Amino acid sequence: MWGLVRLLLAWLGGWGCMGRLAAPVRAWAGSRGHPGPTLLRTRRSWVWNQFFVIEEYAGPEPVLIGKLHSDVDRGEGRTKYLLTGEGAGTVFVIDEATGNIHVTKSLDREEKAQYVLLAQAVDRASNRPLEPPSEFIIKVQDINDNPPVFPLGPYHATVPEMSNVGTSVIQVTAHDADDPSYGNSAKLVYTVLDGLPFFSVDPQTGVVRTAIPNMDRETQEEFLVVIQAKDMGGHMGGLSGSTTVTVTLSDVNDNPPKFPQSLYQFSVVETAGPGTLVGRLQAQDPDLGDNALMAYSILDGEGSEAFSISTDSQGQDGLLTVRKPLDFETRHSYSFRVEATNTLIDPAYLRRGPFKDVALVRVVVQDAPEPPAFTQATYYLAVPENKAPGTLVGQISATDLDSPASPIRYSILPHSDPERCFSIEPEDGTIRTAVSLDREARVWHNLTVLATELDSSAQASRVQVAIQTLDENDNAPQLAEPYDTFVCDSAAPGQLIQVIRALDRDEAGNSSRVSLQGPLGPDVNFTVRDNRDGSASLLLPSRPALPRQAPYLVPIELWDWGQPTLSSTATVTVSVCRCRPDGSVASCRPEAQLSPTGLSTGALLAIITCVCTLLALVVLFVALRRQKQEALMVLEEEDVRENIITYDDEGGGEEDTEAFDITALQNPDGAAPPAGLPARRDVLPRARGPRQPRPPGPADVAQLLALRLREADQDPSVPPYDSVQVYGYEGRGSSCGSLSSLGSGSEAGGVPGPLEPLDDWGPLFRTLADLYGAKEPPAP
């Protein structure tokens, strides 16, 4: 009986019923004497549990989801129920009288999973709370209304080709917005819709794996796999979503190189130099990148000697090149094997090997026109010196490889023999001397000989010919340098004065061995001792010291040991000097003082004559320059007047045809001076003439100007007449005549009228008064 009551309580609590029913049941169970749980807390007026509402439910009327009831409500209608909190009044409404709670619209659990509300019972009349407010929750019950989605899709993955079955490729993950804690709405199962049989997917984790072995990239490189996720555990009625996975197979070195043909044939001319490209070999490897890199090698010995092969910069092709010069006449063709090998080999795929291939290569050498070939790469010849021109030196020889019977023509290049010391026979290559050679002048002659085919001048080759001039004993020995030495007058007998060295220009040997010998006899001043090494020692004799006099000349005889023997004589100068205690020279003057040297009479006369001649030339030059300067000064004085006229005066207009004719500048009507007036002189006067007094009476400008003009004409100290008259006469060519007032006053009568003092005209005429006005001297 108690277990049934407990189940009833649980069922009532699960559906949200009030304590109005639960409390009597607990009380009834206690009165029957059945053991039950001891109630340790006070009895509450409200009994709460959660209310539930199914999401997405849409009915014609509001749906009743529960009921509130209080113990203080006696059914008299005095109790009013209030509801506040999330969605109160909009989503959820309550019947104030009965406490029934209804939901008014469809709810979405993914937007909001639960609502928290407050319930309170108050007095209807006074709104006085009958009990404290209590909180309760309304949960939205989930339904399967959201399909699975892949937020990271579509996916891209890479897996090596030839991978084993079960190799992990990628993991895909789907999300379901439904409640995972309620039912199977969010329980997902993954399946492969497209991509079988190559790939599979784990139903629970979504890991994509390879389903078959040895997938070959060279056959198919890319796969498109479609993965589906379905909720409700994959059962019927569940929602699903899908995504794509693009799987790319990465390359591995699982293919060996392969020559597309077994035989390669090439040709090359025999004149091709080392490094010339003969041909290109290309082995095929379907792999990519480093897995397709190859190395080439020549397997046979005869091919590796004449040719070499290397890989190009991309590591794919083999470049066959010439290794050493080829000769068609020696060998017409070469056959050898070439091997291509992968440079990077994966041990995991050795079973698919070997990773190399071999092909046969045949190279044909083609004949080409070749220049003549000399029998030697360089010729070394020798000829003795001093031989007569035409002496045989040696012979060189060249052959036409294409036609051995073809004639060859020989010549010496001029730049290699600028002195024309040798000649060569054009037909047989015999070299002879053209001049007599001197070994001491030049030991080696380096010639360049040109060999040309007679029927083809374009085919030519060169060779170096080195000719050595052999030595003969044709040079007498001589001193290594001029010797001028000294000896102290206090030197002991037998003292070494100088080591004398000799040299022989001939080649080392008996010809260059030199012996030296000095004067012989008991009375010689010096002794020469041969050192037998090409030198001799000059010593003092074993007798009293030599007097100090003019330098001693010691003759030395030199000879060599060549065939024939050659000899020469040289002189060594020795001065006897007075020396200081430390051995340095103090004086080398002779003891007998000679008379002082002086100039002869003839030399003095010659010097004096030269000095006198130089002095005469200087005086003549100065006199000529002075005379020339005086003549220039005279000319300048004579031309002063004309120069002034030329540059400073205005000419006589169109009638002035003579530049320096002074009369053309004068007024022909007034050029002759009035009777009784002195003639003009173009020189400075000795005394200035007296100024004419100003006529009494009132001043007249015309009379005053005429008076001053006459004074200027009569005064020799003023500028020349023509310089003044040029302003008074402008020539007869003008129809208006002269516009000057200077001449009009003179021509009108020449008699001055009464003049008025210029000082009375005011300050404006002060300058004119100072020039032309004459102040009368005060009366005595």
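The values are calculated or read from the model by the stated rules, or taken from the named source; none is laboratory data. Remember, predicted model here, so these are calculated numbers, not experimental data. In this analysis, Cβ positions are derived from the backbone assuming ideal geometry, glycine residues included, and neighbour counts consider all displayed protein chains. Remember, those area values only see protein heavy atoms, side chains included, never the ligands or the DNA or RNA. Shrake-Rupley method; radii C 1.70, N 1.55, O 1.52, S 1.80 Å.
Could you pull out every residue, at least 5 positions away or on a different chain, whose amide H is within less than 5 Å of the one on Lys187? Hs are placed 1.01 Å off N in the peptide plane, and Pro or chain starts have none.
Answer set, sorted by chain and number: Met232, Gly233.
Apply 1/(1 + (r/R0)^6) to the Cβ-Cβ distance of Ser542 and Val443, taking R0 = 45 Å, and write down the FRET efficiency to the nearest 0.05.
That pair, Ser542 with Val443, gives E of 0.45.
Using the crude model of +1 on Lys and Arg Cβ and -1 on Asp and Glu Cβ, and no other charge, please compute the dipole size for the stretch 356-485 relative to its Cα centre, in debye to 20.
Computed about the Cα centre, the dipole is about 400 debye.
When all protein chains stay in place, what accessible area (Å², nearest 10, 1.4 Å probe) is found for Tyr379?
10 Å²
Largest first, what is the accessible-area ranking of Thr210, Thr527 with a 1.4 Å probe?
Thr527, Thr210
Dipole magnitude of the stretch 350-410 about its Cα centre, charges +1 at Lys/Arg Cβ and -1 at Asp/Glu Cβ only, in debye to the nearest 20?
540 debye
Work from the charge dipole of the stretch 72-127 (Cβ charges, +1 for Lys and Arg, -1 for Asp and Glu, about the Cα centre) and give the residue of Val93, Asn127, Val103 farthest towards its positive end.
About the Cα centre, the residue reaching furthest to the positive side is Asn127.
Suppose R0 equals 22 Å. What FRET efficiency, 1/(1 + (r/R0)^6) with r the Cβ-Cβ distance, do Ala58 and Val149 give to the nearest 0.05?
0.35
All other residues with a Cβ under 12 Å from the Cβ of Asp455 taken together, and with Lys, Arg as +1 and Asp, Glu as -1, what is their net charge?
Net local charge, Asp455 excluded: -2.
Under a crude label model (7 Å from the Cα following the beta-carbon direction), how far is Arg589 from Leu413 in nanometres?
6.9 nm
Just for the Cα atoms in the stretch 103-174, what are the lengths along the principal axes, largest first, rounded to whole Å?
87, 23, 16
Provide the net charge surrounding Ser262, with neighbours chosen by a C-beta distance below 14 Å and charges set as Lys +1, Arg +1, Asp -1, Glu -1.
That works out to +1.
Starting from 0.36 nm per residue, how many nanometres of slack lie between Gln282 and Gln395 once their C-alpha separation is accounted for?
35.4 nm
Farthest toward the dipole's positive end in the stretch 368-470, which of Pro371, Pro404, Trp444, given Cβ charges of +1 (Lys, Arg) and -1 (Asp, Glu) about the Cα centre?
About the Cα centre, the residue reaching furthest to the positive side is Trp444.
Given a Förster radius of 30 Å and the C-beta distance between Glu221 and Ala295 as r, what FRET efficiency does 1/(1 + (r/R0)^6) yield to the nearest 0.05?
0.70
With Cβ to Cβ distances under 15 Å as the rule, what net charge do the other residues near Ile412 carry (K, R +1; D, E -1)?
Overall, the nearby charge balance is -1.
Calculate the spin-label point distance for Arg462 paired with Glu76, positioning each point 7 Å from the Cα along the beta-carbon direction, and give it in nanometres.
14.3 nm
What do you reckon, how do Glu76, Glu557 stack up by accessible area (1.4 Å probe), largest on top?
Of Glu76, Glu557, the descending order of accessible area is Glu76, Glu557.
At 1.306 mPa s and 10 °C, plugging the Kirkwood radius over alpha-carbon pairs of the stretch 240-366 into Stokes-Einstein gives what diffusion coefficient in µm²/s?
Calculated translational D: 98 µm²/s.
Mind checking the full-extension length gain between Ser313 and Ser250? Use 0.36 nm per residue of separation minus the Cα-Cα distance, one decimal, nm.
So the extension gain works out to 20.3 nm.
As a test question: what accessible area, to the nearest 10 Å², does Trp561 have when a 1.4 Å probe is rolled over all protein chains in place?
Trp561 has an accessible surface of roughly 110 Å² with all protein chains in place.
Would you mind pulling out the separation of the Cα centroids of the stretch 100-124 and the stretch 413-430, in Å?
128 Å
Straight distance only, please: which lysines reach the Cα of Lys324 with their own Cα at less than 30 Å, same-chain residues fewer than 8 apart left out?
Straight-distance partners of Lys324: Lys258, Lys356.
Quick one: dipole size for the stretch 179-229, taken about the Cα centre, charges +1 on Lys/Arg Cβ and -1 on Asp/Glu Cβ, in debye to the nearest 20.
Result for the stretch 179-229 is approximately 260 debye, rounded to the nearest 20.
Please give the contour-minus-distance gain from Arg501 to Asp533: 0.36 nm per residue of separation, less the Cα-Cα distance, rounded to one decimal in nm.
10.6 nm
Not counting ligands, DNA or RNA, and with a 1.4 Å probe, what is Asp287's accessible surface area in Å² rounded to the nearest 10?
We get 10 Å² for Asp287.
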